[in-house]
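Notes to accompany the following structure.
The values are calculated or read from the model by the stated rules, or taken from the named source; none is laboratory data. Worth saying up front: this structure is predicted, and the values here are computed from it rather than measured. Every residue, glycine among them, receives a Cβ derived from its backbone with ideal geometry; neighbour counts consider all protein chains shown. With ligands, DNA and RNA removed, areas are computed over all heavy atoms of the protein, side chains included. Shrake-Rupley method; radii C 1.70, N 1.55, O 1.52, S 1.80 Å.
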Amino acid sequence: MKVLRVVLAFLVLASFAVEARAQWSSWGALADSVSSVSYELGFPGAAGDGSGGVVVAWSSDATPYVRATHYDNAGNVVWGPVQVGPIYATTYNDVQVVRQGTDWFVAWFDPDVVNGVHIHSIRIAKLNSSGTVVASEGFAVAFDNPVTIDDFSMVARTGGGVAVGWRMEGLGYARLYASDLSSNVDLGYFSAYYGPYVNAMRIVADGSDGVYAIWSTGVYPPFVNAQRYDSSGEPLWNDPATMFSYYPGGYASELSVAGDGSGGLVAAALWNYSSTQSVRVQHVTSDGTTHWNESTSQNGEPVCATCATQYDPQVTVNNAHSSLIVSWSQAGGAGSIQVQKVPLTGSFAPSWGATGTKANVSDYFELREQRIASNINNQTTIAWTYRNLGYTETGIRFQIIGDDGDVELDSDAEGASMESYTAAYLPILVGQAVGAYAAWIAYTDEYSYVRVNSMLPLPVFDVEWLFNPDHCSDLVRWKTLSGTTANKLLYRHIGAANWHTLNATGSDGAWSASFPQTIGSEFKVSATLSGVVWESAVYHDYGECDLPDPYKTMTFEVPAPEAFLNAHPNPFNPQVIVDYGVPAPSHVDLAIFDASGRLIRTLVSGTKAAGTYSETWTGVDERGERVASGVYFSRLTMNGKSMTRKLVMLK
């Protein structure tokens, strides 16, 4: 945690202020280290726990297991590392992680050779909230000479269970799994018009227990197609939607996809034609209609028709589900990262960044990978790995881009630790309430690492205290991150038991409050962000009559949460998110009941550490069957006390 230092000076109107930028509160955890560079690490997987924490899973050929660890929002280990399942290959295995309610699914690809026969398998394990493996399944996808299997991915389905997808020898594949892994449905294979020439394969959850399969081809006629499947694996569209095509030729070599929050899909593709590369974006609505340039033979829109060579496109959808955010790396000089926001309604018209918003990376020689993730209040976190001009440092860096396109926070400008390695790779970035966390791998001359970093900005900044020695009155002004409710100033005489509360004036982003100064008073600021109350440490105001302490400090900490129970959206259809707070370690029961008091679904039953949590009820009962529309109740019970909230499910 960073301490803010300020100096008090006596003027006719004396003032002091903290640094003019928000401060980062970040932690870095070492998930695993291997004491020899001869060992390889597969790209780890990560997924948020709904409370600012993360579960990370990884593999290395130093041990015959995939392992996983759960970290809370302060970087403390909740459980792990646990052995998730075996690996038999002598090469590294990429790992995927998703959260489904209180459970976790971990999947990995495992190539092996048994008695001279190559067996290529995909393995999946289900872990409960304590990190215990409760189900597992593995299946062979090929028995042959060495084959190339990549583009391995996994998504959580709304009604329970998961879906996995992969690409093998020029064909795409996908499979749906039940929540207990006891049954599955194959979606078949995906190909080009004239054979096995698929060069990218992706899957995305559609928000209604089904999935999208998206695949691109590298031969004429080039295209990127999408098909939507229901929970039983049946296609919902008569024909696949063509998201991108280009009549002169070329092909899409890189592809990034995301759900739009309304049953649709967004995508960014790197289109290669002749000696040029350009990033194009497309939006497909839930009925399979392409949004931009659907009447031409070159679907999709270029993010920047006049920019230099582009590569590594990434796409996400902002929290309001109203705009896509696309980022890409761009050649030229030391390289740069560009960002663009495009509303999902109407014609293609970027809100900002018509030629991209340049992230501050011009001092780095090589951009290795960049990732983006959406946060609350339509902020976007960007993270990337880099190598500097002198080849003496490689590491990870991150920024938060506001809804207006401005860089609000920068890890380098804020003095976040920049660790030096011989190589660093960024495989995954997961958005949390504010900021994000990244799971990445790093190598030195002696060690191989799996690292986890949280990027969490404190909500209150630019705190300024102005006082008038002649009138003994104080004015405190401060700023907040977008979406922060910070309308309270608390003050008291030093040593007094009770705080006096003042309502601040202002609006989201800028606040102020005045209080009558008494000799030896103190104050603190209270702010609420994403349901969590943040309070500054006590700030001492000695006034004009006492010698001031020349160095005043202010820090921000997250206090113990209060017990609460909320739900949103409400009314809802098809699912509702239930938020709750646990003030101290307790056994917690969270369940859904109908209007007669009959138990419908248990969401949580177990011990929880102090903190705030979120659970999703998808409108199904304990048997996994859809319940009727009507009135239901969520009930939170801990320490012998209960809280209840009314829920309304719409037709």
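Summary table below
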item: Gain in span if fully extended, S33 to F139, counting 0.36 nm per residue against the direct Cα distance; result: 35.2 nm
item: Order by protection proxy (mean Cβ within 10 Å, highest first), peptides 219-227, 126-134; result: 219-227, 126-134
item: With all protein chains modelled, accessible area of E625 [1.4 Å, Å²]; result: 90
item: Gain on full stretching of the segment that runs from H568 to R598 - 0.36 nm per residue minus C-alpha separation; result: 8.6 nm
item: Listed residues H568, H70 arranged by accessible area, highest first, probe 1.4 Å; result: H568, H70
item: 11 Å beta-carbon shell around A174, net charge (K/R +1, D/E -1); result: +1
item: Heavy-atom SASA rank of R598, R123, R280 (probe 1.4 Å, accessible area, largest first); result: R598, R123, R280
item: Phi to ³J(HN,Hα) by Karplus 6.51 cos²θ - 1.76 cosθ + 1.60 over region 311-322, Hz, x for Gly, Pro; result: 6, 6, x, 9, 9, 8, 10, 5, 4, 7, 6, 10
item: Region 173-253: Rg to Rh, with Rh as the Kirkwood radius over Cα pairs; result: 1.02
item: Local electrostatic count at R601 - Lys and Arg +1, Asp and Glu -1, tallied over other residues with Cβ under 15 Å; result: -2
item: Heavy atoms of K479 accessible to a 1.4 Å probe, total area in Å² rounded to 10; result: 90
item: Difference of contour (0.36 nm per residue) and Cα-Cα distance, R626 to S232; result: 140.4 nm
item: Heavy-atom accessible area ranking, 1.4 Å probe, most first, across S605, S286; result: S605, S286
item: P(r) tail fraction, region 153-207 - alpha-carbon pairs more than 12 Å apart, %; result: 64
item: Distance histogram in 5 Å bins (all Cα pairs of region 42-86, percent per bin); result: 6, 24, 29, 22, 12, 6, 1
item: Distant alpha-carbon pairs in region 556-651 (separation over 21 angstrom), percent; result: 30
item: Local net charge near V627, Cβ-Cβ under 15 Å (Lys/Arg +1, Asp/Glu -1); result: 0
item: Heavy atoms of D404: accessible area, 1.4 Å probe, square angstrom to 10; result: 90
